[in-house]
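Structure, as structure tokens:
The values are calculated or read from the model by the stated rules, or taken from the named source; none is laboratory data. These figures come from a predicted structure and were not determined experimentally. As a convention, Cβ positions derive from the backbone with ideal geometry for all residues, glycine included, and neighbour counts pool all protein chains shown. When the accessible area is computed, the model is the full protein with side chains, heavy atoms only, and any ligands, DNA or RNA have been set aside. Shrake-Rupley method; radii C 1.70, N 1.55, O 1.52, S 1.80 Å.
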Amino acid sequence: ILSPLTVHPPSHAITFLPSLRIIVSDLKQGLPWEEGVSITPLPEPTKPSYLEELIADAVSKGADIINSEQGGGTLSGALFTPAVLYPVRSSMRVFQEEQFGPVMPIATFSDVEEVHTAIKDSWNGQQAAVFTSDTTGKSSGPMIDRLSTVVGRININTQCARSPDSFPFAGRRSSAMGTMSIVEALKGFSVETVVSYSASNDLSSLIANGLDKESNFLAKL
């Protein structure tokens with residue numbers, strides 16, 4: 001989880017949060033090679049204390065760990081039980097920082113301009129997800145337009161995910177620079193060689209056709 005999950009309108013949080021708490025609590029914890037495991041030990045030795053700092057900052061400014069009874073935010077060795085924080089505001093570190101950990105900040109907004117302002121003020125720009133039931137695009141269209149110049153990938157009714165094997169994985173602003181994908185990786189480790197000829201010259205065209213058949217370099221893959 002990188003950035004806050006924003007709920008609109010705020011009244012929807014009343015029904016959304018209990019359902020989310022159940023889903024998060026049902027996530028199986030264990031080692032990566034165990035079947036059905038979703039939550040694994042953190043690989044970075046300093047990550048647990050960093051996440052605890054973010055949670056403490058949010059709680060000190062009015063947020064609650066809404067799944068605390070289910071162990072949210074607790075640490076066992078390097079295994080960190082996911083914490084769901086609500087309500088999260090822009091003044092909290094967890095709202096601003098890319099934490100790359102099992103902490104889910106939940107914020108709300110009444111007017112879409114609040115989201116636009118948060119996007120404008122943010123320094124990061126990897127991915128965003130827009131969840132909507134509006135099939136006309138009237139409510140989500142302007143949001144897509146705003147995000148298109150800020151993040152490298154916009155997900156519609158699906159979560160953010162790492163996917164350079166399927167789609168280009170890009171970023172903007174201070175989050176990342178450039179694009180990562182199989183195609184981009186091949187380009188990065190390749191030097192292009194161009195073989196050219198004049199298409200208006202009949203002899204050159206015939207020679208080029210012959211080379212296509214006899215040259216391994218020019219042979220089709």
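Results, tabulated for the structure shown:
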item	result
Relative contact order for the chain, counting Cα pairs under 8 Å that sit 6 or more residues apart, in percent	16
Distance in nm between pseudo-label sites at Phe217 and Glu34 (7 Å out along the Cβ direction from Cα)	5.6
For region 96-166, fraction of C-alpha pairs farther apart than 21 Å, in %	26
Accessible heavy-atom area order of Ile22, Ile65, highest first, probe of 1.4 Å	Ile22, Ile65
Cβ charges +1 (Lys, Arg) and -1 (Asp, Glu), total dipole of the chain, debye	200
Distant-in-sequence amide H partners of Val7 (H built 1.01 Å from N, under 5 Å)	Ala107, Thr108, Phe109
Region 36-153: radius of gyration over Cα atoms, expressed as a fraction of 2.2 N^0.38 Å	1.19
Range of Cα positions in the chain per principal axis (Å), largest first	80, 44, 29
Extreme residue, positive dipole direction of region 115-221, given options Ile144, Ala199, Val183 (C-beta unit charges)	Ile144
Computed [θ] at 222 nm, helices only, for the chain once each DSSP H run of length n ≥ 4 contributes -39500 (n - 2.57)	-9000 deg cm²/dmol
Probe 1.4 Å, protein heavy atoms only - accessible area per residue of the chain in square angstrom	65
Efficiency of FRET from Cβ geometry, Glu53 and Asp111, R₀ 30 Å, rounded to 0.05	0.45
Virtual spin-label span in nm between Ile14 and Ala161, 7 Å along Cα→Cβ	3.4
For the chain, built as a Gaussian network whose Cα springs stay under 10 Å, the top-fluctuating residue of Val59, Val84, Val183	Val183
Loop chymotrypsin sites (Phe, Trp or Tyr not before Pro), region 112-180 (other Cβ atoms within 10 Å of the site Cβ: 14 or fewer; DSSP)	Trp123, Phe131
Translational D in µm²/s for region 100-221 (Stokes-Einstein at 10 °C, 1.306 mPa s, Kirkwood Rh from C-alpha pairs)	85
Potential extension, Ser196-Thr132 segment - 0.36 nm per residue separation minus Cα distance	18.0 nm
DSSP-assigned coil residues among GluC sites (Glu not before Pro) in region 1-75, each with at most 14 further Cβ atoms within 10 Å	Glu34, Glu35
Selected from Pro102, Pro45, Pro87 as most flexible by GNM, with the chain as the system and alpha-carbon contacts under 10 Å	Pro45
Cα pair distances exceeding 15 angstrom across region 68-136, given as percent	64
Relative frequency of Cα-Cα separations exceeding 19 Å in region 1-79, percent	48
Region 129-215, relative contact order [Cα under 8 Å, separation at least 6], %	18
